[in-house]
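Encoded as structure tokens, the structure appears first; notes follow it.
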Amino acid sequence: MIISAPLFKIALLGAFGLALLVSIGLWVLAKAAAPSADLGVHNGKLAPCPSRPNCVSSQADPSDQVHFLPPIPYTGELSQTQARLRRVLMAQPRVTVRRDEPGYLHAEFKSKLFGFVDDVEFLLDPQTNQIHFRSASRVGYSDLGVNRARIEAIRRQLVR
């Protein structure tokens, strides 16, 4: 079947228009997403991951292969470890540290294309010398493993 040039141009413009509308919708969605109200430490723990596969946490059930990653071990003083963690985070692209209190740190990571935000929290436990974390996307269902990969990269930088 041969498509005429005017019909091809109309189809191409329609596809471009649809792609533009989807892009604008995703951008608006990314900008409208507010941080979860349950961020922070509650009863000595970070919030649990939602059922969606766009979150990882060291405080999830270890049998949960979707959400669980082991905590990050550390040696040395809590304040020095937290300062080192902050330096590792600040070396990442598109990150903003929102809270930095003794034993707790919350950072926001923005995606390059649409600016989707992931909330990443760290809870340093001086009793066990472990860094607990929770890294979760604010919107969407899957993150294609971005939060898991981010935490593993941070782990490699801290555990040398």
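Of all residues in the stretch 103-119, none that is outside the structural domain of residue 79 (by TED's automatic domain parsing) has its Cβ atom under 8 Å from the Cβ atom of a residue that is part of a loop (DSSP other than H, G, I, E, B), 6 or more apart or on another chain. Is it the case that residue 79 is farther than 16 Å from residue 127 by Cα and either among the small types (Gly, Ala, Ser) or touching a His at 6+ places or on another chain (Cβ under 6 Å) (or both)? No. Within the stretch 46-64, the set of residues being exposed (fewer than 15 other Cβ atoms within 10 Å of the Cβ) and more than 20 Å from residue 140 (Cβ to Cβ) comprises 61, 62, 63. Among the residues examined, residue 105 qualifies as under 15 Å from the mean Cα position of the chain (by Cα) and either surrounded by 15 or more Cβ atoms within 10 Å (Cβ to Cβ) or assigned to a helix (DSSP H, G or I) (or both). Residue pairs whose Cβ atoms lie under 6 Å apart, sitting 6 or more positions apart in sequence or on different chains, and linking a residue in the stretch 77-101 that is within 15 Å of residue 155 (Cβ to Cβ) to a partner that is in a helix (DSSP H, G or I) and of a type in the set (S, T, N, Q), are 88/157. Inspect the stretch 30-45 for any residue being touching a Phe, Trp or Tyr at 6+ places or on another chain (Cβ under 7 Å), part of a helix (DSSP H, G or I) and either modelled with pLDDT under 80 or outside the structural domain of residue 133 (by TED's automatic domain parsing) (or both) and give the result as yes or no. Yes: the stretch 30-45 contains one or more residues that are touching a Phe, Trp or Tyr at 6+ places or on another chain (Cβ under 7 Å), part of a helix (DSSP H, G or I) and either modelled with pLDDT under 80 or outside the structural domain of residue 133 (by TED's automatic domain parsing) (or both). All of (1) among the charged types (D, E, K, R); (2) more than 21 Å from residue 50 (Cβ to Cβ); (3) part of a helix (DSSP H, G or I) hold for residue 100 with one exception: (3).
The values are calculated or read from the model by the stated rules, or taken from the named source; none is laboratory data. Predicted, not measured: the structure shown is a model, and the values here were computed from it. Positions of Cβ are backbone-derived with ideal geometry, glycine not excepted, and every protein chain shown enters the neighbour counts.
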